[in-house]
Structures are given as C-alpha cells and as structure tokens.
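Since every read-out is calculated from the coordinates, none of them should be taken as a lab result. Remember, it's a predicted structure, so these values are computed and weren't measured experimentally. With ideal geometry, Cβ positions are generated from the backbone for all residues, glycine too; neighbour counts draw on all protein chains shown.
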Amino acid sequence: MSYFSASELNSYKLQILQKDFLSLLSEKENFIFIKNNLSVYQYANQQFLELMGLNTLTSLYKKTDYDLCRDIKKARIYLQHDAEVLETEQPLSVNEEVLPQKNKLLRKQMTGTIYPIFTQGSKPKAIMGVVKSKYLPFKLTLETAISMSKEEMDNNFIRRSYPVIVYDKKITLSKREIQCIIELLKGKNAKEIAEIFELKQTTIEFYLENIKEKLGAISKSSLIMTVFNQKVIQQIIL
C-alpha cells in the first residue's frame with residue numbers, strides 16, 4: 001500500500017473548490033482527512049489528529065473508521081459515504097456525529113463535504129473530507145468526573161473557565177481549578193496532584209487556596225462538602 005507524499009497532495013487541484021491543498025490547510029477551522037479507495041486513512045491535518053486523540057500522522061496510517069470511532073454503526077455510515085463518493089465520482093455533503101475512540105466523552109458534529117480525488121484520466125484514487133466541527137454539549141456527572149484520566153480532562157476541558165452557582169452566587173472556575181477539585185474527590189493531596197499535572201506543589205496549593213476562597217470554604221473537608229452539596233461538578237457543561 002502506498003501513501004500520498006506531500007508534493008503529490010499539493011499537486012491535486014480541487015476544481016470545485018478552486019483551491020489547492022495548501023490553501024485548504026491554511027484555513028484553521030478546517031478538519032481535513034484523506035482516505036484511499038479502500039477507506040484507509042492516508043493523511044489528516046493537525047486539527048483532525050487532535051480530534052481523534054492521535055499524536056502523530058504515523059499513528060493514523062493503516063487505520064479505518066472502525067479503529068477511530070467508538071460506535072460501529074456510525075463507522076459503517078462513514079464508510080458508506082466514502083463508497084458513494086467513489087462510485088458517483090461526485091462530492092457529497094455530510095453532517096455526521098463523531099465519537100472518537102480515544103476520547104470516551106467527546107461528541108462532535110462534523111459538517112462539510114467529501115470530495116473524490118482524481119489522477120488524470122482515471123477513476124477516483126481517493127477521497128478527501130473538508131469539514132468543520134461543532135461540540136455537542138455534555139453535562140458532567142460526579143461518576144464521570146471521578147473516572148476521568150489526566151488525558152481525558154486535558155482533552156475535554158477546552159474552555160479557560162466555567163461558570164457555576166454556589167450558594168446562589170455565580171462564580172467561575174478555571175480549567176485547572178476544576179481538575180484539582182476532581183483529583184481531590186479522588187482522594188489525592190496537593191503533592192499527588194502536583195505529580196499528576198507535573199507542576200510544583202506550591203502551584204497546586206495556590207490553586208486550592210483560590211478554590212476555597214471562591215467556594216467560601218475554610219478547609220479541604222469543607223471544600224469537598226461544598227462541592228457535593230452545591231453540585232458544583234454537575235453544573236459543568238463540556
């Protein structure tokens with residue numbers, strides 16, 4: 001099986017878009033992927049790799065949607081769309097829900113177009129998807145929060161701060177403050193939390209003092225009690 005080289009990718013002109021490959025890449029809101037005629041991934045830009053929880057392009061090679069999607073039925077739909085584009089040799093507009101295998105919480109709506117890629121005088125050699133994404137809101141639960149790994153927290157807490165109501169007062173908690181609260185609920189102390197996030201213990205202690213002040217708590221135990229009683233975690237929408 002051969003993969004597309006960078007120069008070969010850039011040589012393809014998508015007449016329907018009137019743009020070449022590099023100009024598509026320059027549009028940061030685009031999630032771009034390329035599959036061969038067997039629906040095996042050949043390329044994706046950094047945005048798509050991050051969405052799927054992959055670190056490098058190499059980790060995408062030889063993968064299909066069955067490898068990347070945690071819902072087999074949805075993976076079949078993606079493959080049906082690929083087959084339709086290859087058979088009709090026409091672009092296809094898509095609006096698909098994406099459930100990455102590497103991120104058990106993430107749900108995204110992907111809207112865009114799948115295009116056939118031709119070489120001169122041939123049937124389509126591959127397909128290229130150019131889509132934009134939209135997060136589907138996910139309301140956090142205590143059970144889900146406590147089960148989250150550091151990687152899952154990093155992937156899912158994408159906003160800098162989150163509003164919550166505590167004793168009828170609206171406050172905001174930063175991404176890191178929420179992560180510290182979750183680790184406290186797991187029974188971790190400041191030293192252990194610092195090791196998890198690879199930060200200094202004094203930095204974590206600073207976060208914890210800020211959290212106590214925001215929640216009106218005077219100790220670690222009263223902080224945890226407030227989190228439970230005021231359903232702080234359950235108010236967070238990812």
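Each part reduced to its alpha carbon centroid, the range 136-154 and the range 198-218 end up 20 Å apart.
If a paramagnetic tag sat 7 Å from the Cα of residue 37 along the Cα-Cβ line, which residues of the range 74-97 would have the backbone N under 20 Å from that point? Answer for the range 74-97: 79-92. Remark: the range 187-200, residue by residue, has Karplus-estimated 3J(HN,Hα) of x, 7, 9, 4, 5, 5, 5, 4, 5, 4, 9, 6, 10, 6 Hz, where x stands for each Gly or Pro and the curve is 6.51 cos²θ - 1.76 cosθ + 1.60 at θ = phi - 60°.
Normalising the average separation of contacting C-alpha pairs (under 8 angstrom, six or more residues apart) by the number of residues puts the relative contact order of the chain at 14 percent. As a ratio to 2.2 N^0.38 Å, the alpha-carbon radius of gyration for the chain is 1.26. Once the piece of chain linking residue 172 and residue 146 is laid out straight, how much longer is it, given 0.36 nm per residue of separation minus the C-alpha distance between them? Gain in length upon complete extension: 7.3 nm. How much FRET efficiency would the formula 1/(1 + (r/R0)^6) give for residue 231 and residue 111, where r is the Cβ-Cβ distance and R0 is 41 Å, rounded to 0.05? Computed FRET efficiency for residue 231 and residue 111 comes out at 0.75. For the range 129-217, what does the alpha-carbon gyration tensor say about shape, rounded, prolate or oblate, given a ≥ b ≥ c as the root eigenvalues, a/c under 1.5 as rounded, and a/b over b/c as prolate? Verdict is oblate for the range 129-217. Between 179, 163, 148, the Cα set farthest toward the positive side of the dipole of the range 142-235 (charges on each charged residue's Cβ, about the Cα centre) is that of 163.
Taken along the Cα-to-beta-carbon direction at a fixed 7 Å, the label points for residue 70 and residue 122 span 3.8 nm.
Could you sort out which of 62/104; 62/200; 73/169; 62/188; 102/214; 63/123 sit more than 32 Å apart by Cα distance in this structure?
62/200; 73/169; 62/188; 102/214
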